[in-house]
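Student: Before we start, here is the structure in question, set down as structure tokens.
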Amino acid sequence: MRGAIYNYLNDYFKRLGLSEDTLAGKTKIRSIRIQVSLKGLNLANFSPESMDNANDLNKLKSILESLKLGAAA
Amino acid sequence: MNSYISSAIFRNSNDIPSAIEGKNAGLIICFYGSDFDYTELYHTLKNTKIPFIGCMDIARFSNAQYQFETDSVAVMTISKDILEKVGIIAYDMRKTTSNHAMYQTSKDEYASALKKLGFDLESPDMEREFSINILYGLQSANSVLSAQNEVSLFLQSVGGSSGGKLDFKSSSVICSKGMGAIGATAVVRLKPEFSFMIDRTSSFDSHEGKLVVTKLANPRYILEFNGKPAAIEYARIIGKNVSDLSPEVYALYTLGVEPGDGERLITSIMKDDGNNGLLTYNDLLEGTELSIYKAKTQFEDRAMKLKMLDKEKLVGYISFDCVLCYLARDANEEIEKIASLYEEILPGIPKIGFGTFSENFCGANVNQTETYLAITKR
């Protein structure tokens, strides 16, 4: 699945109403990205062009769910 | 200098109260050497009734100088004119305290302090509210940071772990709520006319290859990378033999993950176990795919980040800079050059910092990094 991780994360940010256009949004996105990395998904490996596997996508979903950020879970 | 924040070096605790008198201080931050009498410092600061946090270190930064002597203290005062609210919390971090106990105590204390101060845990003010952590350096910071992330993922935090001599045998943290093997957190809300920024700098080039953590003995003890003995696989990927591995090589070729936005969260290798296992300064999870980085001069990256700050509006700068960065500057004979950089780019702006045994940045524990807090007037 090309860009699956990149796209899922961006959709997740949108569902939370977060945008890089504001300092608050940018900082909150940074916090989420840091948590995803700390919980074992090195986002250096994923881009809009990367061919991502289902295991990594499931791992991302599980990490985001563990953050308990409500609307986007 | 400005009327909001000031910093200075002292050799005697008794000189501090008169020096800070009239500054309307609402928060004191201090960093002291391993031979400085911190018990006396604690009682002196306690008597001022001003909230404070501080710790022992191996070296510290004040204004335009790196201080390596062990018998001085760098003190920064932040005026009440900037601060709307300040809360100090402390929690037990003795080596006998379990990770779970540290997690639970720091979580309870943190949640209670934030509620008491009226912070919105789910949606803090991202421009005015933050935490400064000073954690006991002979314990892992990860359990405290995990607890804080649980309480409020979006409240930004910055800080570091206390140091001391490089024998890693003694260290201490002091704050208004106690001293010794503790963690201390200052929770702050700035007045509406002020805002803050938390950021980080590390100086590495990407190196080819990936190391997947495939077997851990514990979160800081790697047995295998890519299904092979950790030291052998690490040496292979950086083009060395296992017999070449040393603290210098570990500092030169370090590991990390990236959140995908240009940041790098560094995990440094401390040493090998004599049996091809590797011990790290940071917690890891099995299955994590680590990137590899090669250290380079700190000059360009620091200059770039400092230039991004608005020096016309900046009123104070607090640095939490890895002791390995201090040692690398020393080894590369860059101490003066980089210290001068701060003063050239941020002339006259009060600056303070210390050499940390690990740094924290927005909930992440990192190594070989400078994390910093910059306070600006809008």
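The values are calculated or read from the model by the stated rules, or taken from the named source; none is laboratory data. Because the structure is a prediction, the values reported are computed rather than measured. Counting neighbours? That spans all protein chains shown, and the Cβs are built from the backbone with ideal geometry, glycine included. Side chains are part of the model used for accessible areas, which takes the heavy atoms of the whole protein and leaves out ligands, DNA and RNA. Shrake-Rupley method; radii C 1.70, N 1.55, O 1.52, S 1.80 Å.
Student: Residue under question is A:Ser31, and the condition is that it be more than 8 Å from every other protein chain (Cβ to nearest Cβ), free of Cβ contacts under 8 Å to residues at least 40 places away in the same chain and touching a Gly at 6+ places or on another chain (Cβ under 9 Å); does it hold?
Tutor: Here the answer is no, as A:Ser31 does not meet what is asked.
Student: Under the condition of being farther than 19 Å from B:Ile352 by Cα and in contact (Cβ under 8 Å) with a residue 40 or more places away in the chain, which residue from the range B:154-164 is surrounded by the most Cβ atoms within 10 Å (Cβ to Cβ)?
Tutor: Of everything passing the filter in the range B:154-164, B:Leu155 is surrounded by the most Cβ atoms within 10 Å (Cβ to Cβ).
Student: Turning to a different aspect of this structure: In the range B:31-57, what residues are within 12 Å of B:Ser172 (Cα to Cα) and not in a helix (DSSP H, G or I)?
Tutor: Correct list: B:Phe31, B:Tyr32, B:Gly33, B:Ser34, B:Asp35, B:Phe36, B:Asp37, B:Ile53, B:Gly54, B:Cys55, B:Met56, B:Asp57.
Student: Right, here's the next one. Would you mind finding the one in A:Tyr12, A:Tyr6 that is more than 11 Å from chain B (Cβ to nearest Cβ), modelled with pLDDT of 95 or more and within 13 Å of the chain's Cα centre (by Cα)?
Tutor: A:Tyr12
Student: Restricting to the range B:309-340, and then to whatever is outside any strand (DSSP E or B) and in contact with a Lys or Arg (Cβ under 6 Å, 6 or more places away or on another chain), can you tell me which residue is most open to solvent (accessible area, probe 1.4 Å)?
Tutor: My answer is B:Lys313.
Student: Considering only residues that are surrounded by fewer than 17 Cβ atoms within 10 Å (Cβ to Cβ) and away from every other protein chain (no Cβ under 14 Å), which ones fall in the range B:112-128?
Tutor: If the condition is that a residue be surrounded by fewer than 17 Cβ atoms within 10 Å (Cβ to Cβ) and away from every other protein chain (no Cβ under 14 Å), then B:Ser112, B:Lys115, B:Lys116, B:Leu117, B:Gly118 are the ones that fit.
Student: Touching a helix residue (DSSP H, G or I) at 6+ places or on another chain (Cβ under 9 Å), under 22 Å from B:Asn332 (Cβ atoms), β-branched (Val, Ile, Thr) and buried (at least 22 other Cβ atoms within 10 Å of the Cβ), is that true of B:Ile238?
Tutor: no
Student: Of everything in the range B:165-175, what is over 14 Å from the mean Cα position of the chain (by Cα) and open to solvent by less than 20 Å² (accessible area, probe 1.4 Å)? Give them in sequence order.
Tutor: B:Ser171, B:Ser172, B:Ile174, B:Cys175
Student: Looking at (1) within 21 Å of B:Glu289 (Cβ to Cβ); (2) away from every other protein chain (no Cβ under 14 Å), which is the one condition that is false for B:Pro247?
Tutor: (1)
Student: Here are the criteria: (1) closer than 21 Å to B:Thr371 by Cβ; (2) not in a helix (DSSP H, G or I). Tell me which single one B:Asn2 does not satisfy.
Tutor: Unmet for B:Asn2, out of (1) closer than 21 Å to B:Thr371 by Cβ; (2) not in a helix (DSSP H, G or I): (1).
Student: Inspect all residues belonging to the range B:11-24 and state whether any of them is under 24 Å from B:Arg329 (Cβ atoms) and open to solvent by less than 30 Å² (accessible area, probe 1.4 Å).
Tutor: Among the residues of the range B:11-24, not one is under 24 Å from B:Arg329 (Cβ atoms) and open to solvent by less than 30 Å² (accessible area, probe 1.4 Å), which makes the answer no.
Student: Could you tell me whether B:Lys337 is within 24 Å of B:Ile237 (Cβ to Cβ) and more than 14 Å from chain A (Cβ to nearest Cβ)?
Tutor: No; evaluated as a whole, the condition is false for this residue.
Student: Counting only residues that are within 10 Å of chain B (Cβ to nearest Cβ) and closer than 28 Å to B:Ser123 by Cβ, how many does the range A:47-65 have?
Tutor: The number of residues fulfilling the criteria is 1.
Student: If you check every pair at least six apart or on different chains, which have Cβ atoms under 6 Å apart with a residue in the range B:34-50 that is in contact (Cβ under 8 Å) with a residue 24 or more places away in the chain first and a residue that is open to solvent by 40 Å² or more (accessible area, probe 1.4 Å) second?
Tutor: Sorted first by the residue in the range B:34-50, then by its partner, the pairs are B:Ser34/B:Thr70; B:Ser34/B:Lys165; B:Asp35/B:Thr70; B:Asp35/B:Asp71; B:Phe36/B:Asp71; B:Tyr42/B:Met179; B:Thr48/B:Pro17.
Student: Among the residues of the range B:98-113, is there at least one that is closer than 23 Å to B:Thr376 by Cβ and in a loop (DSSP other than H, G, I, E, B)?
Tutor: No: the range B:98-113 contains no residue that is closer than 23 Å to B:Thr376 by Cβ and in a loop (DSSP other than H, G, I, E, B).
Student: Looking at (1) within 14 Å of chain A (Cβ to nearest Cβ); (2) part of a strand (DSSP E or B), which is the only condition B:Gly260 fails?
Tutor: That leaves (2) as the condition not met.
Student: Could I ask something else about it? Which residue pairs have Cβ atoms under 7 Å apart, sit 6 or more places apart or on different chains, and have a first residue in the range B:330-346 that is farther than 12 Å from B:Tyr317 by Cβ and in contact (Cβ under 8 Å) with a residue 12 or more places away in the chain and a second that is assigned to a helix (DSSP H, G or I) and among the aromatic types (Phe, Trp, Tyr)?
Tutor: The qualifying pairs are B:Glu334/B:Phe299; B:Lys337/B:Phe299; B:Ile338/B:Phe299; B:Leu341/B:Phe299.
Student: Go through the range A:35-72 and give me each residue that's among the hydrophobic types (A, V, I, L, M, F, W, C) and loosely packed, with under 15 Cβ neighbours inside 10 Å.
Tutor: A:Met51, A:Ala54, A:Ala71
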